[in-house]
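These notes concern the structure reproduced below.
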Amino acid sequence: MRKTAFTFALLSATTLMSITALTALAPRSAHAATMPMSENAVPSGVLSLSAQASNEVAQDVVDITLFYEQEASDAGSLTDALNKRTAAALAQAKGVAGVSARTGTFSISPSTDRNGHISAWRGRTEVVLESRDFAAASKLAGQLNTTMQVGNVAFSLSPEAQRATADKLTGDAIASFRKAAESATRAFGYGGYTIREVNIGSEMPSPRPMFAMRAMAAPEAAPLPIEAGKARVTVNVSGSVQMSR
């Protein structure tokens with residue numbers, strides 16, 4: 001559902017609006033008329049306002065993190081075992097169309113006994129799957145879950161979907177900004193306005209984790225159940241206009 005909203009600021013004793021930057025609606029005295037305006041003074045009849053448009057969009061990218069942990073008596077053999085597990089997962093992922101795979105975190109750390117001596121080494125390796133094909137990613141994750149464990153699933157909005165949504169919302173936010181300016185201009189008895197300055201910005205959603213878990217590897221290659229949610233994209237338009245009689 002798309003939503004638009006606007007706010008504006010002006011000084012008025014008969015409305016609930018609050019003013020920003022309106023300085024000289026009252027007639028000037030003869031003495032004030034002869035005083036030169038400071039370079040930093042704000043002209044009279046300036047209205048500051050802002051508008052917003054937002055919409056919820058279905059997330060179209062999934063990232064699935066799988067991990068494998070192991071202990072060994074020496075760091076060398078542990079590193080070799082972790083590398084082999086990672087290489088096997090990456091090779092299997094390469095055969096699946098529409099799914100990309102990359103290495104994630106790789107770490108090895110020592111375990112010490114009560115005397116402070118190294119008694120073992122513990123390591124962890126990760127493989128991250130990324131795809132817009134949820135079914136293909138789910139199936140592959142289920143297959144890899146027989147040798148690795150699912151650690152995290154996160155959904156996000158692709159850059160292309162973000163740009164397309166923001167482009168459409170920008171027009172809505174600008175239209176709301178102009179409508180607010182026209183309404184306020186008439187309400188304060190002015191005949192028109194010109195735009196002094198305007199700023200356009202967007203708020204993009206961050207990836208949303210679905211869950212994080214440390215489960216035992218599944219005995220069967222069942223697809224991983226995943227379902228994306230929606231992300232809200234917002235465009236803000238703010239600035240000021242010069243009202244004229």
Subject >> Every residue from the range 148-175 that is in a helix (DSSP H, G or I), of a type outside the set (Lys, Arg) and surrounded by fewer than 20 Cβ atoms within 10 Å (Cβ to Cβ) >> reply: 159, 160, 161, 162, 164, 167, 170, 171, 172, 174, 175
Original post:
How many residues, within the range 133-160, are touching a strand residue (DSSP E or B) at 6+ places or on another chain (Cβ under 7 Å) and over 21 Å from residue 105 (Cα atoms)?
Top reply: 5
**OP:** Considering (1) under 30 Å from residue 60 (Cα atoms); (2) in contact with a Lys or Arg (Cβ under 8 Å, 6 or more places away or on another chain), say which one residue 143 fails and leave the rest.
**Re:** (2)
Subject >> Meets criteria (touching a helix residue (DSSP H, G or I) at 6+ places or on another chain (Cβ under 7 Å), over 18 Å from residue 228 (Cα atoms) and of a type in the set (A, V, I, L, M, F, W, C)) for residue 144 >> reply: yes
**OP:** Collect the residues in the range 107-119 that are hydrophobic (A, V, I, L, M, F, W, C) and either under 29 Å from the mean Cα position of the chain (by Cα) or within 22 Å of residue 147 (Cβ to Cβ) (or both), keeping them in residue-number order.
**Re:** 108
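Just so you know, all these numbers are worked out from the coordinates, no wet-lab data involved. What you see is a predicted model, and the numbers here were worked out from it, not measured in a lab. Ideal geometry is used to build each Cβ from the backbone, glycine not excepted, and the neighbour counts take in all protein chains shown.
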